[in-house]
Each structure stands twice: as C-alpha cells, then as structure tokens.
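A.B. asks: Okay, handing you the structure first.
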C-alpha cells in the first residue's frame, strides 16, 4: 500500500463514507473513489462493503487495521516533526523516559527548558527500558532517560546521578528502615524485570529474605497509588514517591541505601547539540535536587 492508500483507508474507516473521507483529505469524491480502487487492486481484495448506505470494513480490512493505524500514526509523527523543523529549526526534542521518571523528574525540566528557550517543542514517549533502547536505535527518539544500566552497542550512556529505593506507607513512622524490619509486612513490590525491582530482589536474596508480596507491579506510580489506597506498603524509587506522596502517607529511606542510577541514552555517532547538553544539565540538576530533598 502506498501512503496515499493508507490515508484513504483510514479516512473511510473513521467516517464510513467516501464523501466524508474525500472532504477530510481535501480531494474530490471521484479522486477518493479512484484511490480506494487503486488500493484494492494492488492488495487483491476488497477493503470495504456497502451496508445500508455506509462503507463497512471487510474481514481482511479488519485484520489490516492495527498495522495501518500504526503506520498512520508514524506518518503523523513525521509530519509534526517536519513542521517543527520548518518553523523552529533545531528546537524540537523527541525524548523518551521511563514512566516513573516522566512523572517525577521530567515535568520541571521540560518547563524550565521551554522557559529558557521559547519555541522549544517536545515529543515525550514513556516506555520501559527495552522500548526506550529500541526507540534510540531506530532513531525514533533523540534522547532517553532511564534507570536501566545495561550497555547497548551503538548507544552511549551518560550518568545523571541516582535516586534510591524508599518505603511508602499510610502507617506513621520516622527514620530509616532495614529490609528485615519490613519483610513480614504486606508489600507492594516492583517486578524483577524492572531495574529497581531487580535491585531490590538482589538485596533481599543477599539477606536471605523472602517477603510476602501482596501485589507485584511493573510501574512505580501504580505501586504508589496502591499504597495510598491501603493495599500494602510500597518499595519504589524516591523520585516517584516524592511526586506522588499525599497527606497521610509516610516516606522512609531504607538502610543500607539501595541506589538506583539514572542516566541518559544518546547515540554514540551523533554529536550532542547545545540543546541536548542543556537538557542533560537540567536533568542532572533535577536528580541532585530530588536526592537532596530526601529526609535524613
């Protein structure tokens, strides 16, 4: 299918009408009909049947729909990027980040960056580590902020600083907690496939502890929300805990501290622009401020 075929397919699927699809694409109805016929001839099967005056997707079209929708989204992303490069050259960043960092670290950095550089625009994608790495390798992202510490050929890792795992609970308390002190509690734990979850599991194994996991989650802020609801006590990164701590919730550090590195992924062969370096400096400062704000 050509790009124009994808456009007519999506327009008809959304509107159910050849006339409305033509209007959406700013072409005439005969031109839209010709495009549809061309797409069906190239594919070798019908895409739509007429049912009670509306065009309804065939079984084959339904099977194609998820992939076509993905391609159409990619096309929209290219258009937005092209428009940004035309109107604001060198002032657009496609930034990826772990969901937890998107909630707790990124908002203030993006705000300050846009205030310092009027016209700067962002596309922000929140993904887990594997998707961030893939986005960097396929050049869908310019930079990615991650907890992951694994090295990937072709990508450079720039250290920003660290956060640490903390205990978040509705139960009052003061001072640091040892893992042995909470091993018997109902805990909300991060899945071991997460970098922070893997770090916690290694620490538990080293101390011979096997705590009861009331709930296992893959996302730090979901763990926080569950703790706030009283579903258990969460062990999550301090950046997310600080962002989501609500009145009545108690944040306590762990002893010994379990440090979680935070870094930026960049492509080894691409020189960092002044815009990239400025963003990295702001992210590093935000990491330091978050760590300094933790109670002793």
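The values are calculated or read from the model by the stated rules, or taken from the named source; none is laboratory data. This structure is a prediction, so every number in the text was calculated from the model and none was measured. As a convention, Cβ positions derive from the backbone with ideal geometry for all residues, glycine included, and neighbour counts pool all protein chains shown.
A.B. asks: Quick test for you: out of 185, 148, 181, pick the one residue that is out of contact with any strand residue (DSSP E or B) (no Cβ under 6 Å at 6 or more places or on another chain) and not in a helix (DSSP H, G or I).
C.D. replies: Working: 185 fails: out of contact with any strand residue (DSSP E or B) (no Cβ under 6 Å at 6 or more places or on another chain); 181 fails: not in a helix (DSSP H, G or I).
It is 148.
A.B. asks: Here's a follow-up. Evaluate region 129-144: report whether one residue or more is part of a strand (DSSP E or B) and either surrounded by 18 or more Cβ atoms within 10 Å (Cβ to Cβ) or modelled with pLDDT under 90 (or both).
C.D. replies: If we filter region 129-144 for residues that are part of a strand (DSSP E or B), which is where we start, we get 143-144.
Narrowing further to those that are either surrounded by 18 or more Cβ atoms within 10 Å (Cβ to Cβ) or modelled with pLDDT under 90 (or both): 143-144.
Within region 129-144, one or more residues are part of a strand (DSSP E or B) and either surrounded by 18 or more Cβ atoms within 10 Å (Cβ to Cβ) or modelled with pLDDT under 90 (or both).
A.B. asks: Have a look at 226, 204, 199 and point out the one that is more than 18 Å from the chain's Cα centre (by Cα), touching a residue at least 60 places away in the same chain (Cβ under 8 Å) and in a helix (DSSP H, G or I).
C.D. replies: Details: 226 fails: touching a residue at least 60 places away in the same chain (Cβ under 8 Å); 204 fails: touching a residue at least 60 places away in the same chain (Cβ under 8 Å).
Result: 199 is the single residue among 226, 204, 199 that is more than 18 Å from the chain's Cα centre (by Cα), touching a residue at least 60 places away in the same chain (Cβ under 8 Å) and in a helix (DSSP H, G or I).
A.B. asks: A further question follows. How many residues does region 64-112 hold that are in a helix (DSSP H, G or I) and either modelled with pLDDT under 90 or touching a strand residue (DSSP E or B) at 6+ places or on another chain (Cβ under 8 Å) (or both)?
C.D. replies: Initially, region 64-112 is screened for residues in a helix (DSSP H, G or I), giving 64-87, 99-104, 106-112.
Imposing the further condition that a residue be either modelled with pLDDT under 90 or touching a strand residue (DSSP E or B) at 6+ places or on another chain (Cβ under 8 Å) (or both) reduces the set to 64-87, 99-104, 106, 110.
Qualifying residue count, region 64-112: 32.
A.B. asks: Restricting attention to region 113-128, and to residues there that are touching a residue at least 24 places away in the same chain (Cβ under 8 Å) and not in a loop (DSSP other than H, G, I, E, B), which single residue is farthest from the chain's Cα centre (by Cα)?
C.D. replies: Once the filter is applied, the top-ranked residue is 116.
A.B. asks: Check 43, 35 and return the single one that is out of contact with any helix residue (DSSP H, G or I) (no Cβ under 7 Å at 6 or more places or on another chain), surrounded by 14 or more Cβ atoms within 10 Å (Cβ to Cβ) and either over 15 Å from residue 11 (Cα atoms) or without any contact (Cβ under 8 Å) to a residue 60 or more places away in the chain (or both). Steps first, answer last, please.
C.D. replies: Working: 35 fails: out of contact with any helix residue (DSSP H, G or I) (no Cβ under 7 Å at 6 or more places or on another chain).
Checking each option against the conditions leaves just 43.
So that you can scan it fast, the table gives a plain yes or no per residue for (1) out of contact with any strand residue (DSSP E or B) (no Cβ under 7 Å at 6 or more places or on another chain); (2) assigned by TED's automatic domain parsing to the domain that holds residue 168:
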residue	(1), (2)
203	yes, yes
208	yes, yes
213	no, yes
252	no, yes
270	yes, no
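A.B. asks: Let me ask something else. Looking at residue 151, is it at pLDDT below 90, more than 25 Å from residue 77 (Cβ to Cβ) and not assigned by TED's automatic domain parsing to the domain that holds residue 245?
C.D. replies: Judged against the criteria, residue 151 is a match.
A.B. asks: What number of residues in region 207-222 are out of contact with any helix residue (DSSP H, G or I) (no Cβ under 6 Å at 6 or more places or on another chain) and either closer than 11 Å to residue 103 by Cβ or in contact (Cβ under 8 Å) with a residue 40 or more places away in the chain (or both)?
C.D. replies: Number satisfying all stated conditions: 2.
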